[in-house]
Amino acid sequence: MKFSADNWVRENIRSLQSYSSARDEFEGTARIYLDANENPFGTELNRYPDQKQVEIKVLIGEELEIEPEQIFLGNGSDEAIDLLIRASCDPGKNRVISIAPSYGMYSVCSAIQGVDIDMVLLNEDFSLSADRVISLFRNNHKLLFLCSPNNPTGNLLDEDEIIKLVRAFNGVVVVDEAYIDFSDSQGLTGLLKKYRNLVLLRTFSKAWGLAGIRCGMALGHPEIIIYLSKIKYPYNLNVLTQRKIREVLNNPIYVYEMIGLIVKERKRMAGELQKIGGVLRVYPSEANFILIKLDEADYLYAELIKRGVVIRNRSSLELCSGCLRISIGTREENEFLLKEMQNILA
Ligand SMILES: Cc1ncc(COP(=O)(O)O)c(C=O)c1O
């Protein structure tokens, strides 16, 4: 059955009259603006931001080789996760599917909306088995969240398995590509034109080094993007954030350099961690973090905190017992961590 965004969204969202401002009704540049009850004195920030984010969507579209109409911008990709659920899932009626272990916000946002989530365990090697996911599909499932490279495991999911799921699912398959720029893959933007029920998440928080500005993206068919834009807060991306994005996209060279350095450090760290006694396993990573397994994960985690080093304890997640996730820092930070780990585990 052909996917239709009109049938996918909730009834009340389909018929929603969203907030409209005078600047929605007017295009171009006016001589004076007396429509939005702004303060007329120039503080640099006295004006509301462009609610349609026209300029930065054009720049992002050029960077990702997609159309501006395929882009939704949110206050972090967390906003996109939340709005995808709120757009499509009626509380107590619709359901969401996610893989486990994976990023926690898919469950948190579902729970906030009063929507149950079905978790599908990855294989022992953290690969994805599409058939296992498909066996769970029910008519009331609206969203399937995948994450590639996956957090916290660091591996890319197999593209053929993902496509199998996109083809088999009646709802929308969301592939969270927050870490894709650290991987050898270009990601799945090339598939967006082919599959209407595929949405990708990207973010400025990781490779772009801009977690502080809070900007993430949902990329997908314009029919889905229009609905997300309809339900966002009108001015969800502030003036400073939009300015910063313009600045980096006009000069992205240093971003590519940072990515290169982080990937190089990740490869070096994988080798160094392997050498430390007590480390049972260093999982391969295509992201900007590494997952390791130890007998004494909780002890190491607590001791590192005493020494002022915070990493992420993922031991309580399914398939991750004894696992700690380490973000790749600067060379100096990584060296400090390695030294302290050696001291603690000696
Ligand atoms: C897989 C994944 N998706 C999304 C996010 C959140 O990104 P943002 O900062 O754009 O909200 C994170 C943050 O750690 C993440 O790991």
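The values are calculated or read from the model by the stated rules, or taken from the named source; none is laboratory data. Fair warning: this is a prediction, and the values are worked out from it, not measured in the lab. Don't worry about glycine lacking a Cβ; one is built from the backbone with ideal geometry, like all the others, and counts go over all protein chains shown. Note: accessible area is taken over every heavy atom of the protein model, side chains too, but ligands, DNA and RNA are not part of it. Shrake-Rupley method; radii C 1.70, N 1.55, O 1.52, S 1.80 Å.
With 214, 196 as the choices, which residue is open to solvent by 50 Å² or more (accessible area, probe 1.4 Å), within 15 Å of the ligand (Cβ to nearest atom) and modelled with pLDDT of 95 or more?
The match here is 214.
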| query | Does at least one position in segment 65-88 carry a residue that is part of a helix (DSSP H, G or I), open to solvent by 80 Å² or more (accessible area, probe 1.4 Å) and free of Cβ contacts under 8 Å to residues at least 24 places away in the same chain? | reply | no
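Rundown of residues vs (1) open to solvent by 80 Å² or more (accessible area, probe 1.4 Å); (2) among the charged types (D, E, K, R), yes/no style:
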residue	(1), (2)
2	yes, yes
10	no, yes
16	no, no
23	no, yes
34	yes, no
53	no, no
56	no, no
| said: Quick check on residue 164: is it open to solvent by 50 Å² or more (accessible area, probe 1.4 Å) and over 23 Å from residue 328 (Cα atoms)? | reply: yes
| query | So which of 324, 304, 317, 338 ends up being assigned to a strand (DSSP E or B) and not hydroxyl-bearing (Ser, Thr, Tyr)? | reply | 324
| request: Could you list, in sequence order, all residues of segment 92-112 that are touching a residue at least 12 places away in the same chain (Cβ under 8 Å), within 11 Å of the ligand (Cβ to nearest atom) and open to solvent by 10 Å² or more (accessible area, probe 1.4 Å)? | output: 102, 103, 105
